[in-house]
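The structure appears below as structure tokens.
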Amino acid sequence: MRALCWVAAGELGVREVPDPELRNERDVIVRVRRSATSGGDLPLLSGRHPLLRAGDVLGAEFLGEVVEVGPGVRRHRVGDRVVVGASVACGGCWYCRQGRHSCCDNAHADLASADPDWARSDVGCFGRPRAAGGFAGGHAEYVRVPYADVSAFRVPDGVDDDRAVFAADAAPSGWLAAEVGAVRPGDVVAIWGAGAVGQLTAWAAVRRGATRVLIVDRYEERLRMAERHCAAEPLDYRRDDIAAELRDRSGGRGPDVCVVAVGAPPTRSVADRFGGQHADRPDALREAVHACRKSGMVVVLGGTAGFVDAFPLGALTERRLTLHGAGRPDLRDVPMLLDRMARDELRTEHLATHRLPLARGPEGYALFRDRADGCVRAVFTP
Amino acid sequence: MVPMGRLARAGPALGGAALARAARLLRVPRGGGRPGADGDAAAPARWEVVTVDRPPEQVLPDGRWPEPLGRLDGAIEVRVRPAPGDRGTELAARPLAGVTPPTGLAAHLVGDDPALLVRRTLRQVKQRVETGEVLRADRSALDRPEVPG
């Protein structure tokens with residue numbers, strides 16, 4: 001089959017790779033209908049991930065049709081149209097039973113090399129290096145889905161592919177941000193980053209009753225999109241005094257909840273860091289910590305740098321802020337979001353600014369990485 | 001790691017037969033052994049422990065060591081106790097003192113660090129008990145013959 005693979009630092013290619021196969025009883029094989037670029041992929045593109053190998057298939061957000069079913073699968077049949085959550089989760093461990101699928105204990109297949117820290121392993125997910133606990137991604141004609149009864153969700157008939165594909169990762173990430181931020185009616189919420197996840201965080205905050213949602217970015221088209229589709233007030237950090245605007249628009253208190261959804265900068269490697277190079281300065285996070293009201297909540301979504309310097313820890317402690325990480329969404333919200341999509345309450349098609357055949361995957365990622373041509377997300381069709 | 005009581009302290013949650021079976025220490029004839037943390041070859045190896053989200057009677061049904069732990073029969077000792085907070089079972093294992101680390105082909109297959117093998121085995125036990133099977137990785141292009149493009 002054809003798949004979009006990492007080839008070398010900064011280089012992707014569509015290559016012929018072996019078809020996936022059922023490897024466990026609870027697996028299904030999905031024929032991919034749509035897959036979307038994701039901010040979490042960007043650090044991989046730079047080639048600084050030490051575990052990447054040429055030929056690793058990318059793609060954490062995808063949707064398709066079940067074409068093969070393992071004997072242990074109960075909820076799915078051949079022909080089902082499913083969206084697959086980005087986190088691989090077993091459904092049977094303590095974390096999964098708490099609804100925290102993104103912390104699943106049993107999502108690693110490579111128990112020897114993927115768990116150097118012993119029981120502190122990252123969750124497995126699609127489109128990540130195998131040695132990092134990951135599985136081949138969805139930028140391909142076919143993909144294997146482990147624990148399919150837990151990870152795959154049937155898409156309601158009325159929801160088209162271009163909408164439903166964002167129920168895999170972007171929409172649950174936005175919902176999770178609003179949830180862990182404990183957004184309540186009357187809150188003022190500030191979001192850094194008007195990409196797909198930032199916009200869907202704004203949407204979720206409004207649904208949870210936020211009075212005002214402010215979104216910060218520098219790309220005019222993204223800000224306009226967030227304003228039009230998500231009822232967010234745009235702030236352009238090239239033009240606006242963000243600290244002053246946030247203070248003014250929250251009655252001088254500061255936002256109740258601040259969400260950092262800026263995606264991943266081209267981060268320095270671990271080797272660079274221990275070689276003496278300074279880590280990135282988390283400008284958006286610093287701004288969020290300083291802007292947030294006393295005893296407010298700061299939520300940091302995935303994709304930020306592995307190491308940062310100059311973090312304002314004093315502001316965090318003196319003002320009793322709560323800092324909450326949310327690297328990858330749980331699966332429990334996916335059915336609810338699909339229902340909202342079916343009711344036209346949640347519309348996400350506008351995020352697919354570039355629809356391309358998989359053969360043009362490298363071009364799609366270049367647009368996405370550079371935010372060129374107004375690209376928010378490139379969506380591929382195999 | 002917080003020291004845990006031996007299996008015999010697991011209390012009435014486990015039957016007497018289960019205790020007797022799981023608490024046994026099996027002697028291995030060859031000398032040597034994994035050095036302790038202080039480099040003392042005679043010191044016991046560190047316990048490796050994993051929490052399995054099931055009660056002890058499901059982790060060790062009828063007191064039998066769950067697979068694939070049974071394959072290490074004779075090379076390890078095992079301790080088990082209920083995890084606090086209703087979080088299942090703390091299952092611990094460590095190489096028996098006096099067990100020689102594998103060499104040659106065996107070392108190539110399982111690695112020459114017994115602790116790593118114990119860890120991997122405990123994780124597999126956990127996966128089997130919690131999910132019913134051990135998750136296998138995708139085959140990579142390196143595992144299979146090249147598909148002509």
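Take the residues in the stretch A:38-53 that are among the hydrophobic types (A, V, I, L, M, F, W, C) and touching a helix residue (DSSP H, G or I) at 6+ places or on another chain (Cβ under 9 Å), then tell me which one is surrounded by the fewest Cβ atoms within 10 Å (Cβ to Cβ). Out of the qualifying residues, it is A:LEU51. Checked against the criteria, B:LEU135 counts as facing chain A (nearest Cβ under 8 Å), modelled with pLDDT of 90 or more and either within 30 Å of A:GLU16 (Cβ to Cβ) or not in a helix (DSSP H, G or I) (or both).
The residues of the stretch A:293-345 that are assigned by TED's automatic domain parsing to the domain that holds A:ALA205, in contact (Cβ under 8 Å) with a residue 40 or more places away in the chain and among the β-branched types (Val, Ile, Thr), listed by number, are A:VAL298, A:VAL299, A:VAL300, A:THR304. Of all the listed residues (A:ALA202, A:ALA288), the sole one being buried (at least 24 other Cβ atoms within 10 Å of the Cβ), within 25 Å of A:GLU345 (Cα to Cα), at pLDDT 95 or above and of a type outside the set (Lys, Arg) is A:ALA202.
Answer yes or no: is there a residue in the stretch A:304-317 that is at pLDDT 95 or above, under 16 Å from the mean Cα position of the chain (by Cα) and surrounded by 15 or more Cβ atoms within 10 Å (Cβ to Cβ). No, the stretch A:304-317 has no match at all.
Residue under question is A:VAL213, and the condition is that it be part of a strand (DSSP E or B), buried (at least 24 other Cβ atoms within 10 Å of the Cβ) and either among the basic types (Lys, Arg) or modelled with pLDDT of 95 or more (or both); does it hold? Answer is yes for this residue. If you go through the stretch B:52-67 and keep only what is without any contact (Cβ under 8 Å) to a residue 60 or more places away in the chain and not aliphatic (A, V, I, L, M), you end up with B:PRO55, B:PRO56, B:GLU57, B:PRO61, B:ASP62, B:GLY63, B:ARG64, B:TRP65.
Taking the criterion of being touching an Asp or Glu at 6+ places or on another chain (Cβ under 6 Å) and either facing another protein chain (nearest Cβ under 9 Å) or polar (S, T, N, Q) (or both), the only residue of the stretch A:96-105 that qualifies is A:SER102. Here A:ARG207 fulfils each of the conditions (1) of a type outside the set (Ser, Thr, Tyr); (2) surrounded by fewer than 19 Cβ atoms within 10 Å (Cβ to Cβ); (3) in contact with a His (Cβ under 8 Å, 6 or more places away or on another chain); (4) not assigned by TED's automatic domain parsing to the domain that holds A:MET336 apart from (3). Being part of a strand (DSSP E or B), buried (at least 24 other Cβ atoms within 10 Å of the Cβ) and either in contact with a helix residue (DSSP H, G or I) (Cβ under 9 Å, 6 or more places away or on another chain) or at pLDDT 95 or above (or both) is a description that does not apply to A:VAL197.
Going residue by residue through the stretch A:63-82, is there one that turns out to be within 15 Å of A:VAL165 (Cβ to Cβ), crowded, with 24+ Cβ neighbours inside 10 Å and out of contact with any Phe, Trp or Tyr (no Cβ under 7 Å at 6 or more places or on another chain)? Scanning the stretch A:63-82 turns up at least one residue that is within 15 Å of A:VAL165 (Cβ to Cβ), crowded, with 24+ Cβ neighbours inside 10 Å and out of contact with any Phe, Trp or Tyr (no Cβ under 7 Å at 6 or more places or on another chain). When the helices (runs of 4 or more DSSP H) confined to the stretch B:54-132 are screened for residues that are at pLDDT below 85 and away from chain A (no Cβ under 14 Å), those reaching at least 3 such residues are found at B:104-110. In summary, A:ASP56 fulfils each of the numbered conditions (1) within 12 Å of another protein chain (Cβ to nearest Cβ); (2) within 24 Å of A:VAL155 (Cβ to Cβ); (3) crowded, with 21+ Cβ neighbours inside 10 Å with the single exception of condition (2).
Residues checked against (1) within 9 Å of chain B (Cβ to nearest Cβ); (2) farther than 22 Å from A:LEU51 by Cβ; (3) at pLDDT below 90:
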{"site": "A:VAL88", "(1), (2), (3)": "yes, no, no"}
{"site": "A:PRO116", "(1), (2), (3)": "no, no, yes"}
{"site": "A:ASP122", "(1), (2), (3)": "no, no, yes"}
{"site": "A:CYS125", "(1), (2), (3)": "no, no, yes"}
{"site": "A:ALA148", "(1), (2), (3)": "no, yes, no"}
{"site": "A:PHE153", "(1), (2), (3)": "no, yes, no"}
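For beta carbons closer than 8 Å, sequence separation of 6+ or different chains, a first residue in the stretch B:85-100 that is surrounded by fewer than 20 Cβ atoms within 10 Å (Cβ to Cβ) and a second that is at pLDDT 95 or above and assigned to a loop (DSSP other than H, G, I, E, B), the qualifying pairs are B:ARG87/B:ASP53. Residues that are touching a residue at least 60 places away in the same chain (Cβ under 8 Å) and either in contact with a Cys (Cβ under 7 Å, 6 or more places away or on another chain) or more than 14 Å from chain B (Cβ to nearest Cβ) (or both) within the stretch A:68-82 comprise A:VAL69, A:ARG75, A:HIS76, A:ASP80, A:ARG81, A:VAL82, listed in sequence order.
For A:ALA190, the conditions (1) farther than 16 Å from A:ARG328 by Cα; (2) in a helix (DSSP H, G or I); (3) in contact (Cβ under 8 Å) with a residue 12 or more places away in the chain; (4) of a type outside the set (Val, Ile, Thr) are fulfilled apart from (2). When we screen A:VAL379, A:VAL334 for residues that are over 15 Å from A:SER38 (Cα atoms) and either touching a strand residue (DSSP E or B) at 6+ places or on another chain (Cβ under 9 Å) or of a type in the set (Val, Ile, Thr) (or both), the only hit is A:VAL334.
The values are calculated or read from the model by the stated rules, or taken from the named source; none is laboratory data. Predicted model only: the values in this text are computed from it and were never measured. Note: ideal-geometry Cβ built from the backbone for every residue, glycine included; neighbour counts use all protein chains shown.
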